[in-house]
Amino acid sequence: MASEGEKRESAYQTGVRCMQQQDPHLAVEWFQTAAEYGDARAMRALGRIYETGHGVDPDTALMKSWYEKAAEAGSLEAMCELANHLYEGVLIEREVKPALYWYERAAMGGVKDAAFMLGSLYYEGKDVTKAPKKAERWWKEAAQLGHTRALNNLAWLYAQKEGGAAKAYAYYEEAARLNDADAQVNLGHMLFTGKDVGQDIYEALHWWQKAAEQGHPLAKKNVKKAKRKRRLERILRPFQKKR
């Protein structure tokens, strides 16, 4: 005889297969069965189904209810999604305090988007008391989880501080290596100007080309600028050696 855990897992996986087979009505039945056994994944899936109206009539009340149940059952993803809905107030009533609560719960559980959002809110002082140190702390949490916008923001913060160029460079480089186009442009700028770091036109060109390949408009302009600078250096190099 199957255990309760086995029944829960079987019901959830059957619901997943039903969604893959484009049978959302049957999926809802199986997810509800799994949810009755306490499966947070199934609760979150039901929240998503009622949010998107995939195969069912959209129902924001049911969406919120299932996201809340999933969050309370420990789904970190549901915590962040519920927080987003509560904070944005588009599909459901806007409630800032509960949103902050769920953002923090999700962030403490390792959800990088939640940590980034908290950092942004505390930095801007929007709906919370402005707290730059808290902002930096949460951005660092998000950055450690590989959130490229958090890495960019930290780099910008340190670039404004006296003696912070080395840390700014390190954060930009980390985000650039994660293929973030904005970071690649910013890193290229630091290398091209050589401000507070060693100038390296060739390395700047490398990062700008990476960003340009992703369609970054400023990077495309900067590539042309770096190539002109590189050509000029090649022309002047023989004369510089004679001095």
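Coordinate-derived values only; no laboratory data. Just so you know, these numbers come straight off a predicted model, no measurement behind them. Virtual Cβ from ideal backbone geometry, glycine too; neighbours counted across all protein chains shown.
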Evaluate region 136-144: report whether one residue or more is over 26 Å from GLN32 (Cα atoms) and surrounded by fewer than 14 Cβ atoms within 10 Å (Cβ to Cβ). yes
Looking only at residues that are more than 20 Å from TYR171 (Cβ to Cβ) and among the aliphatic types (A, V, I, L, M) in region 219-229, which one is surrounded by the fewest Cβ atoms within 10 Å (Cβ to Cβ)? VAL223
Which members of region 6-44 meet the condition of being assigned to a loop (DSSP other than H, G, I, E, B) and of a type in the set (Phe, Trp, Tyr)? TYR37
Across (1) charged (D, E, K, R); (2) more than 20 Å from GLY110 (Cβ to Cβ); (3) touching a residue at least 24 places away in the same chain (Cβ under 8 Å), GLU36 clears everything bar (3)
Restricting attention to region 102-135, which residues are within 18 Å of ARG44 (Cα to Cα) and either of a type in the set (Phe, Trp, Tyr) or surrounded by 14 or more Cβ atoms within 10 Å (Cβ to Cβ) (or both)? TRP102, TYR103, ARG105, ALA106, ALA107, GLY109, VAL111, ASP113, ALA114
Of the conditions (1) under 23 Å from the mean Cα position of the chain (by Cα); (2) surrounded by fewer than 23 Cβ atoms within 10 Å (Cβ to Cβ), the single one that PRO58 does not satisfy is (1)
Hey, VAL185 hits all of (1) part of a helix (DSSP H, G or I); (2) under 25 Å from GLY47 (Cα atoms); (3) in contact with a His (Cβ under 9 Å, 6 or more places away or on another chain) but one; which does it fall short on? (2)
Any residue at all in region 154-177 that's closer than 20 Å to TRP207 by Cα, under 13 Å from the mean Cα position of the chain (by Cα) and of a type outside the set (Gly, Ala, Ser)? no
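Yes or no, residue by residue, for (1) surrounded by 17 or more Cβ atoms within 10 Å (Cβ to Cβ); (2) more than 30 Å from ALA107 (Cα to Cα); (3) of a type in the set (Ser, Thr, Tyr):
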residue	(1), (2), (3)
THR148	yes, no, yes
ALA168	yes, no, no
ASP182	yes, no, no
GLY188	yes, yes, no
ASP200	no, yes, no
ALA212	yes, yes, no
PRO217	no, yes, no
Taking region 49-68 as the region of interest, how many residues are more than 20 Å from ARG105 (Cα to Cα) and either in a helix (DSSP H, G or I) or of a type in the set (A, V, I, L, M) (or both)? 8
Listed residues GLU51, GLU95; which is over 18 Å from the mean Cα position of the chain (by Cα) and buried (at least 17 other Cβ atoms within 10 Å of the Cβ)? GLU51
Can you name the residue in region 78-92 that is of a type in the set (Gly, Ala, Ser) and surrounded by 24 or more Cβ atoms within 10 Å (Cβ to Cβ) and, of all such residues, is farthest from ALA40 (Cα to Cα)? ALA83
